[in-house]
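Please read the structure below before turning to the comments.
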2 protein chains.
Amino acid sequence: MSLTDFHPPYTAVIFTSTLAGNAPGYEEMAARMEMLVVDQPGYLGHESARTPGGLGITVSYWRTAQDAQAWKGNHEHLLAQSAGSRTWYSDYSVRIAVVERQYDRSTSPH
Amino acid sequence: MSLTDFHPPYTAVIFTSTLAGNAPGYEEMAARMEMLVVDQPGYLGHESARTPGGLGITVSYWRTAQDAQAWKGNHEHLLAQSAGSRTWYSDYSVRIAVVERQYDRSTSPH
């Protein structure tokens, strides 16, 4: 995702999670959420990585903290969060942050 | 990494990267940086995930933006950044953010 798409300040939601050994329905839920999120007001983009058998990190980017909060309260997303907490994740944490500065290969002083 | 270890506000550095197909010396550098970073002033912790053949996300946490900046200027780390930019990464971006709020399984309202 290119940094030129949007400029600070904007909101980043850092979601880290560990999947429980057996997580039936997880992939379907994740795909459904990926489909839903792009239509949310203020959604800028997201990036996701998961080490097999290890930690997953998803960072989603929002125009404002209120936009991120509204997605947290989305009905289908609430159901997914509830199932995640009960079933899919053995552990997770969420951090809401304001991006103040950014650079990449093309803009770095190096 | 437990959220109870430290409390907002603090700084998060979100580093996303894609490895070039052939990245000799990358693992050694990464291990060396993991060893060095823990002794830096203001270092709070980090979390890392990489989808095989895909995106890697590392988020490091710092007491202040100045602490994060000082690590960016660390001599060995500068050499690693330079080699990363030239050789290991086909793409990367860095975002510096202030964590304002956080919750996890134990503190979530769900």
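In table form, for the structure just shown:
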quantity	calculated
Subset of the range B:79-109 (residues that are acidic (Asp, Glu) and over 23 Å from A:Gly84 (Cβ atoms))	B:Asp91
Conditions (1) touching a strand residue (DSSP E or B) at 6+ places or on another chain (Cβ under 7 Å); (2) open to solvent by less than 50 Å² (accessible area, probe 1.4 Å); (3) within 12 Å of another protein chain (Cβ to nearest Cβ); number of the one not met by B:Arg101	(2)
Pick from the range B:33-48, criterion more than 7 Å from every other protein chain (Cβ to nearest Cβ) and of a type in the set (Asp, Glu), ranking: surrounded by the most Cβ atoms within 10 Å (Cβ to Cβ)	B:Glu34
Which listed residue is away from chain A (no Cβ under 13 Å), of a type in the set (Phe, Trp, Tyr) and surrounded by 14 or more Cβ atoms within 10 Å (Cβ to Cβ), from B:Tyr26, B:Tyr92	B:Tyr26
Qualifying residues in the range B:49-75 (those that are surrounded by fewer than 18 Cβ atoms within 10 Å (Cβ to Cβ) and within 23 Å of B:Asn22 (Cβ to Cβ)) - the one nearest to the other protein chains (Cβ to nearest Cβ)	B:Thr51
Qualifying residue in the range A:4-17 (condition: at the interface with chain B (Cβ under 7 Å from one of its Cβ atoms) and loosely packed, with under 15 Cβ neighbours inside 10 Å)	no
Residue under evaluation B:Val13, criteria (1) over 17 Å from A:Arg105 (Cα atoms); (2) out of contact with any Lys or Arg (no Cβ under 6 Å at 6 or more places or on another chain), criterion not met	(1)
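The values are calculated or read from the model by the stated rules, or taken from the named source; none is laboratory data. Everything numeric in this text was worked out from a predicted model, so none of it was measured. Positions of Cβ are backbone-derived with ideal geometry, glycine not excepted, and every protein chain shown enters the neighbour counts. Remember, those area values only see protein heavy atoms, side chains included, never the ligands or the DNA or RNA. Shrake-Rupley method; radii C 1.70, N 1.55, O 1.52, S 1.80 Å.
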